[in-house]
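Peer 1: Below is the structure I would like to discuss, written out as structure tokens.
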Amino acid sequence: MKRAFDWLQSRTGFRGARHALLDEPLPPGTGWFFTLGSVLLALLAVQLLTGAFLTLYYAPTPDHAYDSVRFIIGTVPGRLVRGLHHYGASFLVVALVLHMVRVVAFGSYKAPREATWLSGLALFGLVLAFSLTGYLLPWDQRAYWATVVTINIARLTPLGGDVVAGLLQGGAAIGALTLTRWYSFHVIFLPAGLVALIVLHLVLMRRHGISGPVRSHAGDATAFYPWQAARDTAVIAVVLVALCVFAWNGPPPLEGPADPSDSTYIPRPEWYFLGLFQLLKYFPGRWEVVGAMVVPGVVVALLVLLPWLDRGPSRDPRRRPLVVGAFAVGFAAVVGLTALGWRDRPQTAAAAQTWTLREIGGRRMSQASGCAKCHSPDGIADPLEAAPSTRGPEWLAGHVVDPEMIAPGLREPPAPAAEREVAAIVAYVRKLSRQAYPGFAAETETAATIYARHCIGCHVIDGEGGKDGPELSHIGAKRDLAYFTRLIADPEAVNPDAEMPGFRSRLSDADLKAIAAYLESRK
Amino acid sequence: MDWPPFPCAAGMAPGSQKGFAMHRRRALVLFVNSVVALIGGGLSAILGAFALRPYKGAEGRWVRAGALADLTPHVPVARVLAISRQDGWYRERARETVFLVWDGGKALHALSATCTHLGCQVRWDVAATRFRCPCHGGVFDAQGNVVSGPPPRPLARVEARVDGGEGVLVRL
Ligand code: FES
């Protein structure tokens, strides 16, 4: 063994490299506060590793990104790896902020370490850029809409905002070109820059030595390894265990596939952008650029200039009340804005409340019109409920009307479907892709089917439907069951001028009762 | 060859490395090395399991392959079937060739056209009543058994059945 190492030493000089890397002398009194840089390094390593492995399965196209991420989280190791990568980003941001707080409190940015400080700020910016670009990649609703907001904020850049937005967007709209673009930023350009900056940051750190405690301690310098390395390792172990708990407990949430036509979705940014998001709310209209660009710009400028604004020789925070106080106020403002943003974040409605009648009605129609012939556990296609569809409405409508269009010679000839049924089935399948069917009472399903087949042409319920007849969303507050039953069966018997056709011949008694009871329930 | 010595390593006092400190040092080295090994091992295990995700073959599905009326007894008929196959996250529309072989009575079987040697697609030679592989001269009889050439195994059997006395279904 010894001889093998001696041989390696003679060929590579690895012992010298090990000595140079590990035996750095640290000033006496270097303590636990100085472990944060190593924690960051460990977290970045986890991000780089898990990220590299995620690309084994991920496909950056709008048609496949969502499916590939769903495939990744389909197994325990996949859930873990994506969990580590997802929550690792949050851990990184927290560790970065703590590291920065330590550097400011200890005055470590002071001469001769200005360049180290600047490279650290650049690293902070890079990590946020990673987070923004990575957010889009799962191509789910959250990803898509957060990116819409990001690009629109970029558009506010004074002078050339459209150029910046165009650069980020790639194509005419957020789509395939945006996704590949952000993907290559996320996995090629940003990592290259990150590694270069980390090397620079570490080289600078070693060049000037670490700043050490604020007041010099008596005693000898100690080697990094194993004295400080032991503290680093202990903290890193605790942090990584915490990260594993997150990754293990909460599988990273994947929402429905991105749907640009969904007008009901409320975009939410990742939590560490909530402060910025909140700030925008205080600058409405043409002042928006102040919240989006000016305030953050001033903060960044102050941070960049910090080593030159605070030039006194002392690093002791008690002797630098102005700088430490200003930083504390700024920090409190960010925390406060984030807390406000967290409090104001849109609440998601209970699943059952987001289903429209047409979507509910589509369920029975899909069962009746033979979808299950192919879409069944032992059929040639997956059951409708098993896998959310990432297809657009036109594709789905075409497929419902003529399944053979997709699979010639493979499927049964389709049952002829009326236009409204097709629309309802498409609505149902698209809703399924965002949310599992919550289950409704049988009467509600019956009423929904009748509504989606007959009433929707003329009557609005919950913002959906034709406008020729009166809106029915709250009709139950005005009329009762007996009235609805009589009116729907034979409108002219109730009102001789009625334009509505009678449904006595088209609805069974049970159906009539179901729709009348449903309308009565709409208070 | 050696790397340049660390510039201010001289600042380290030799005294601190003696006695009790030496003991402590050994304990810390053990701690650091084992925790780092543990973290590395854990990460490698997770990432390894992730990369080696076991391939799960999709359940076969019955596919219509034609009608009994189109078949001639003992003459294998090639059918190119479109099947939809799950390939990880991707639903693939694959084409696969199978030969339907009917004995004129009740028995019907289907053979995969993929040669068992290196995977070329075999053809039915009507004159010789043999399957021939164009690649390295493999020859199979109508039952799929190897007659000559390098193929190590008979042609793979594909499950087949007659549906209601009419249509032929194969499981792919
Ligand atoms: S592949 Fe058929 S004989 Fe070699």
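The values are calculated or read from the model by the stated rules, or taken from the named source; none is laboratory data. Worth saying up front: this structure is predicted, and the values here are computed from it rather than measured. Virtual Cβ from ideal backbone geometry, glycine too; neighbours counted across all protein chains shown.
Peer 1: For segment A:134-218, give me every one of the helices (runs of 4 or more DSSP H) that falls completely inside it and has 1 or more residues that are touching a Ser or Thr at 6+ places or on another chain (Cβ under 6 Å).
Peer 2: A:161-169, A:176-184, A:190-208
Peer 1: Just one of A:Gly29, A:Gly37, A:Gly51, A:Gly13 is at positive phi and in contact with a His (Cβ under 8 Å, 6 or more places away or on another chain); which is it?
Peer 2: It is A:Gly29.
Peer 1: If you go through segment A:199-218 one residue at a time, do you hit one that is within 21 Å of A:Gly107 (Cα to Cα), touching a strand residue (DSSP E or B) at 6+ places or on another chain (Cβ under 7 Å) and among the polar types (S, T, N, Q)?
Peer 2: no
Peer 1: Here is a further query. Determine whether B:Trp62 is at pLDDT below 85, surrounded by 15 or more Cβ atoms within 10 Å (Cβ to Cβ) and either away from chain A (no Cβ under 14 Å) or under 17 Å from B:Glu166 (Cβ atoms) (or both).
Peer 2: yes
Peer 1: Being within 23 Å of B:Gly60 (Cβ to Cβ) and loosely packed, with under 15 Cβ neighbours inside 10 Å is the filter here, so list the residues in segment B:126-144 that pass it.
Peer 2: The answer is B:Gln143, and nothing else.
Peer 1: Out of all the residues in segment B:97-123, which are within 16 Å of the ligand (Cβ to nearest atom), not in a loop (DSSP other than H, G, I, E, B) and not charged (D, E, K, R)?
Peer 2: Across segment B:97-123, the qualifying residues are B:Thr97, B:Phe99, B:Leu111, B:Ser112, B:Thr114, B:Gln121.
Peer 1: Might you check whether a residue that is among the acidic types (Asp, Glu), part of a helix (DSSP H, G or I), out of contact with any helix residue (DSSP H, G or I) (no Cβ under 7 Å at 6 or more places or on another chain) and in the same structural domain as A:Phe106 (by TED's automatic domain parsing) occurs anywhere in segment A:60-68?
Peer 2: Looking through segment A:60-68, at least one residue is among the acidic types (Asp, Glu), part of a helix (DSSP H, G or I), out of contact with any helix residue (DSSP H, G or I) (no Cβ under 7 Å at 6 or more places or on another chain) and in the same structural domain as A:Phe106 (by TED's automatic domain parsing).
Peer 1: Would you be able to say whether some residue in segment A:234-247 is assigned to a loop (DSSP other than H, G, I, E, B) and farther than 30 Å from A:Pro25 by Cβ?
Peer 2: no
Peer 1: Return the residues of segment B:129-162 that are within 11 Å of the ligand (Cβ to nearest atom) and touching a residue at least 40 places away in the same chain (Cβ under 8 Å); say none if nothing qualifies.
Peer 2: Of everything in segment B:129-162, those that are within 11 Å of the ligand (Cβ to nearest atom) and touching a residue at least 40 places away in the same chain (Cβ under 8 Å) turn out to be B:Phe131, B:Leu155.
The rows are residues; the columns are (1) on the phi > 0 side of the Ramachandran plot; (2) of a type in the set (D, E, K, R).
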site: A:Pro112; (1), (2): no, no
site: A:Leu123; (1), (2): no, no
site: A:Pro138; (1), (2): no, no
site: A:Ile151; (1), (2): no, no
site: A:Arg155; (1), (2): no, yes
site: A:Leu159; (1), (2): yes, no
site: A:Asp162; (1), (2): no, yes
site: A:Ile174; (1), (2): no, no
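Residues are listed down the side, and each one gets a yes or a no for (1) closer than 30 Å to A:Ile72 by Cβ; (2) in contact with a Leu (Cβ under 8 Å, 6 or more places away or on another chain):
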| position | (1), (2) |
| --- | --- |
| B:His74 | no, no |
| B:Ile83 | yes, yes |
| B:Arg95 | yes, yes |
| B:Val101 | no, yes |
| B:Cys120 | no, no |
| B:Asp125 | no, no |
| B:Pro151 | no, no |
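Peer 1: Another question, then. Determine, yes or no, whether A:Ser131 is away from every other protein chain (no Cβ under 14 Å), of a type in the set (Ser, Thr, Tyr), more than 18 Å from A:Val299 (Cα to Cα) and not in a helix (DSSP H, G or I).
Peer 2: Here the answer is no, as A:Ser131 does not meet what is asked.
Peer 1: Kindly indicate whether A:Leu194 is within 14 Å of another protein chain (Cβ to nearest Cβ) and either under 30 Å from A:Val164 (Cα atoms) or in contact (Cβ under 8 Å) with a residue 60 or more places away in the chain (or both).
Peer 2: No: the conditions fail for A:Leu194.
Peer 1: I need the full set of residues from segment B:72-95 which are of a type in the set (Val, Ile, Thr) and in contact with a strand residue (DSSP E or B) (Cβ under 7 Å, 6 or more places away or on another chain), in order please.
Peer 2: B:Val77, B:Val80, B:Ile83
Peer 1: Please go through segment A:1-35 and give me each residue that is within 29 Å of A:Met100 (Cα to Cα) and outside any helix (DSSP H, G or I), ordered by number.
Peer 2: Correct list: A:Asp23, A:Glu24, A:Pro25, A:Leu26, A:Pro27, A:Pro28, A:Gly29, A:Thr30, A:Gly31.
Peer 1: For segment A:88-106, does any single residue satisfy the condition of being among the basic types (Lys, Arg), within 14 Å of another protein chain (Cβ to nearest Cβ) and part of a helix (DSSP H, G or I)?
Peer 2: no
Peer 1: Going through segment A:235-248 one residue at a time, which ones are of a type outside the set (Val, Ile, Thr) and touching a residue at least 12 places away in the same chain (Cβ under 8 Å)?
Peer 2: Once the filter is applied, which keeps residues that are of a type outside the set (Val, Ile, Thr) and touching a residue at least 12 places away in the same chain (Cβ under 8 Å), segment A:235-248 yields A:Leu240, A:Ala242, A:Leu243, A:Cys244, A:Phe246, A:Ala247, A:Trp248.
Peer 1: Here's something else I'd like to know. State yes or no: is A:Leu96 within 26 Å of A:Gly312 (Cα to Cα), surrounded by fewer than 19 Cβ atoms within 10 Å (Cβ to Cβ) and at pLDDT 95 or above?
Peer 2: No: the conditions fail for A:Leu96.
Peer 1: Next question. Out of the residues in segment A:1-55 meeting the condition of being more than 12 Å from every other protein chain (Cβ to nearest Cβ) and of a type in the set (S, T, N, Q), tell me which one is nearest to A:Ala237 (Cα to Cα).
Peer 2: So, considering only residues that are more than 12 Å from every other protein chain (Cβ to nearest Cβ) and of a type in the set (S, T, N, Q), the one nearest to A:Ala237 (Cα to Cα) is A:Thr35.
Peer 1: Then there's this: Quick check on B:Arg85: is it in the same structural domain as B:Arg157 (by TED's automatic domain parsing) and more than 14 Å from the ligand (Cβ to nearest atom)?
Peer 2: yes
Peer 1: Are there any pairs, at least 6 apart or on different chains, whose C-beta atoms fall under 9 Å, with the first in segment A:148-161 and in contact (Cβ under 8 Å) with a residue 12 or more places away in the chain and the second in a loop (DSSP other than H, G, I, E, B), and if so, which?
Peer 2: A:Val148/A:Ile174; A:Val148/A:Pro260; A:Val148/A:Pro267; A:Val149/A:Pro267; A:Val149/A:Pro269; A:Thr150/A:Pro269; A:Ile151/A:Ile174
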